[in-house]
Amino acid sequence: MTDFQALRERFPVLARKTYLNSGSYCALADSVRAAINAYMDDRLQLGANWDVWVAKNEAVRSAMAAVLRAAPDEVAVTASASAGLNALASAFDFSQPRNKVIVSDFEFPTNAQIWHAQELRGARVVHVPRAADGYIPLENFAQAIDDETQLVAVTQVCFRNGARLDIAGIVRLAHARGARVLLDCYQAVGGLTVDVHQLDVDFAVGGMLKYLLGTAGIGFLYVRAALIPALTPSNSGWFAQENIFAMDITANRPSPSARRFEAGTPAVVNCYAAEAGLKIILEVGTDVIEQRVRELTRRCMAGLERIGWASVTPPQDERRGPMVCIPARDPERLFTTLMEQGIVASFRDNNIRATVHFYNSDDDIDHFVTALAASRTRHHPDVR
Ligand SMILES: Cc1ncc(COP(=O)(O)O)c(C=O)c1O
């Protein structure tokens, strides 16, 4: 049995705040703070400690691979999800009939703008629209994916409404037409199990500052092993070379592994934080985390139903990630009202977003629902 109370005590902010904001930035664990301090100690006491620092990047790669249930050679450690996407995009050839990139209406800007930027290189970007109910059924993907599709680039969980796409269904449709699938799992990984081999996606991107419990300034790109040799990024750098320390300035010799999608000197301090965060995720286990996250979002959905404030997030467990979104008349004002009561949430579009992690308690959810009930007259969109 996992002792969630003991785990919770490792995140000091939780003693002060009802923290429902991991989908924006995780709570800081004491071990992550200690890891950052260990880097600082190295700098104060040794000046530089490069052997250890380069090994840290490899430790992050291995831990990230373990979280994704992939091989370390399939994982690039990047500065952000954007950096991984840009490196990957630079390896695609859009000067051929198969030049379509399909994205959905649910994308975070990162996973749409970067593909639109490839229009300069011949890409055609097609958006799969949402249906009248606000969600995107598989049929809409079936209509868009064709023999000219090179890539289907989709988010796993929508950052606007918390809805989870049918990734297995999208992968089946794409592979049947010879297209590849890129998964933006930023709003899922660490909060749900994301097994890239089981999902059968070709690529996946994300970052370490949300459910992976690390920090900003570090992310990852997963590339299926069999695809790596044929993908040579033109976005590169010395840490992407086969032999980083060859210092050969006469040629580009990319690493045979996914490291070819990396660039320059790693953000060392971020590696310290990310490694410590990933260690917690692996220690608790993503299946256990997913189960706990599901219980918490369920409790939240049930509480919302009880107070008559319908969520825009799907009620079915398998169609939801770690996020519950609630429509509000003025989300920014409601956000401030919640803040005044020690509740940290976030807002996007017309919604307040409550995002949970294993370290949240039933009391956190109840505090949030009770605060919403108290502000119903002022903030519910239908109460005037
Ligand atoms: C689904 C999703 N993708 C991407 C990002 C951001 O990616 P980056 O800032 O690393 O480009 C976010 C951040 O909130 C996100 O929620």
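The values are calculated or read from the model by the stated rules, or taken from the named source; none is laboratory data. Bear in mind that the values here come from a model prediction, so they are computed numbers and not experimental data. Because the Cβ atoms are built from the backbone with ideal geometry, glycine has one as well, and the counts that use them run over all protein chains shown. For the accessible areas, the whole protein counts, side chains as well, though only heavy atoms, and no ligand, DNA or RNA atoms are used. Shrake-Rupley method; radii C 1.70, N 1.55, O 1.52, S 1.80 Å.
A few points about this structure:
- Any chance Arg61 is of a type in the set (Lys, Arg), more than 15 Å from the ligand (Cβ to nearest atom) and on the phi > 0 side of the Ramachandran plot: no
- Lone unmet requirement of (1) under 22 Å from Cys158 (Cα atoms); (2) within 16 Å of the ligand (Cβ to nearest atom); (3) open to solvent by less than 40 Å² (accessible area, probe 1.4 Å) for Val77: (1)
- Subset of segment 259-295 [more than 24 Å from Ala225 (Cβ to Cβ) and crowded, with 22+ Cβ neighbours inside 10 Å]: Asn270, Tyr272, Ala273, Ala276, Gly277, Ile280, Ile289, Val293
- From the list Arg98, Arg160, the one residue that fits, being touching a residue at least 60 places away in the same chain (Cβ under 8 Å), open to solvent by 50 Å² or more (accessible area, probe 1.4 Å), within 30 Å of Ile280 (Cβ to Cβ) and not hydrophobic (A, V, I, L, M, F, W, C), is Arg160.
- Scanning segment 317-365 for residues that are modelled with pLDDT of 95 or more, under 21 Å from the mean Cα position of the chain (by Cα) and part of a loop (DSSP other than H, G, I, E, B) turns up Gly321, Pro322, Ala345, Val356, His357, Phe358, Tyr359, Asn360.
- Test for Ser62: is it under 21 Å from Ala225 (Cβ atoms) and polar (S, T, N, Q): yes
- Residue in segment 187-208 that is surrounded by fewer than 23 Cβ atoms within 10 Å (Cβ to Cβ) and of a type in the set (Val, Ile, Thr) present: yes
- Single condition Glu119 does not satisfy, out of (1) in a helix (DSSP H, G or I); (2) of a type outside the set (S, T, N, Q); (3) open to solvent by 30 Å² or more (accessible area, probe 1.4 Å); (4) under 21 Å from Ala263 (Cβ atoms): (4)
- Positions within segment 1-35 being open to solvent by 50 Å² or more (accessible area, probe 1.4 Å) and closer than 20 Å to Ala274 by Cα, in sequence order: Glu9, Arg10, Pro12, Tyr25, Leu28, Asp30, Arg33, Ala34
- Those residues of segment 122-157 which are without any contact (Cβ under 8 Å) to a residue 40 or more places away in the chain, touching a Lys or Arg at 6+ places or on another chain (Cβ under 7 Å) and either farther than 12 Å from Ile102 by Cα or not in a strand (DSSP E or B) (or both), in sequence order: Ile136
- Residues that are assigned to a helix (DSSP H, G or I) and out of contact with any Gly (no Cβ under 8 Å at 6 or more places or on another chain), drawn from segment 244-274: Ile244, Phe245, Ala246, Ala258, Arg259, Arg260, Val268, Val269, Cys271, Tyr272
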